[in-house]
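The values are calculated or read from the model by the stated rules, or taken from the named source; none is laboratory data. Note that this is a predicted model, so its numbers are computed, not measured. FYI the Cβ positions are ideal-geometry reconstructions off the backbone, even for glycines, and counts take in every protein chain you see. Calculation scope for accessible area: heavy atoms of the full protein, side chains included, ligands and nucleic acids excluded. Shrake-Rupley method; radii C 1.70, N 1.55, O 1.52, S 1.80 Å.
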Amino acid sequence: MIFETDRLYLREMEQTDFSSLCEILQDEEVMYAYEHAFTNDEVQEWLNRQIKRYEDYGFGLWAVILKDTNEMIGQCGLTMQDCDGNQVLEIGYLLKKKYWHNGYAIESAIGCKNYAFAVLGTDEVYSIIRDNNIASQNVAKRNGMHVSSQFVKHYYNINMLHYIYSIKNSD
Ligand SMILES: CC(C)(COP(=O)(O)OP(=O)(O)OC[C@H]1O[C@@H](n2cnc3c(N)ncnc32)[C@H](O)[C@@H]1OP(=O)(O)O)[C@@H](O)C(=O)NCCC(=O)NCCS
């Protein structure tokens, strides 16, 4: 286990999580900010990328597990991301649709922020969010973050405006 909150715990993902990951990454509604639902191969690449991140950095996107049922309800974690030319530590989150609107994303995102400050000793964490992704921006705001800048990311042949949300340990 990486850390726990009142209702959740976060742990590294493994191959047996593939079907849970498909439920998230192959749902077009969950993936609207990415413009497409993933194929099985893309889900496997995503899982491999997280496992490589655990090896390289000691962190990545983790499985979010509901303590009551032991079900994987989503992913949340910390990754190094290119942010308009700089490498920054980002908090990211994606939940299975049936678990939206319960406060699970904010509960796990706050846990990741605390982990980044207390365990990794970082000074600042970020969430880089597409302009049309209001639910994700609300999580960042509830996590105490503010927009510090914006930039256009070219992904999937589309120019996507992104807001850079961040919070410092000293804030
Ligand atoms: C981003 C995402 C994880 C946010 O999910 P969410 O359900 O809106 O966020 P939370 O789990 O924090 O839940 C917050 C909601 O639960 C409500 N809530 C209910 N019980 C709560 C509790 N105990 N504590 C806090 N909030 C609670 C809040 O009022 C809020 O309501 P709202 O949706 O009407 O604003 C989800 O929309 C998602 O998976 N999107 C697709 C993936 C994605 O785009 N990820 C981000 C890429 S940058």
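In the condition set (1) within 11 Å of the ligand (Cβ to nearest atom); (2) at pLDDT 95 or above; (3) under 27 Å from ASN157 (Cα atoms), ASP6 is compliant with all but (3).
Taking each residue of the range 1-29 that is under 17 Å from ASN102 (Cβ atoms) and looking for partners that are of a type in the set (S, T, N, Q) and modelled with pLDDT of 95 or more with beta-carbon atoms closer than 8 Å, six or more apart or interchain, yields THR5/SER108; LEU8/SER108; LEU10/SER108; ILE24/GLN75. Counting only residues that are among the charged types (D, E, K, R) and more than 18 Å from TYR9 (Cα to Cα), which one in the range 112-139 is nearest to the ligand (Cβ to nearest atom)? So, considering only residues that are among the charged types (D, E, K, R) and more than 18 Å from TYR9 (Cα to Cα), the one nearest to the ligand (Cβ to nearest atom) is ARG130. Every condition in (1) within 14 Å of the ligand (Cβ to nearest atom); (2) over 20 Å from SER136 (Cα atoms) holds for TYR32 except the one numbered (2).
Residue check: MET72 meets all listed conditions (1) open to solvent by less than 30 Å² (accessible area, probe 1.4 Å); (2) within 12 Å of the ligand (Cβ to nearest atom) but one, namely (2). Is it the case, given these coordinates, that ASP17 is away from the ligand (no atom under 15 Å from the Cβ) and farther than 26 Å from LYS141 by Cα? In short, yes. Tell me whether the range 100-118 contains one or more residues that are closer than 19 Å to GLU35 by Cβ and open to solvent by less than 20 Å² (accessible area, probe 1.4 Å). The answer is no; no qualifying residue exists.
Restricted to the range 151-169, and to residues there that are closer than 16 Å to LEU89 by Cα and open to solvent by 20 Å² or more (accessible area, probe 1.4 Å), the residue that is farthest from the ligand (Cβ to nearest atom) is ASN169. Pairing each residue of the range 96-111 that is within 6 Å of the ligand (Cβ to nearest atom) with any residue that is of a type in the set (Ser, Thr, Tyr), provided the two are 6+ apart or on different chains, yields C-beta distances under 6 Å for ALA105/TYR93.
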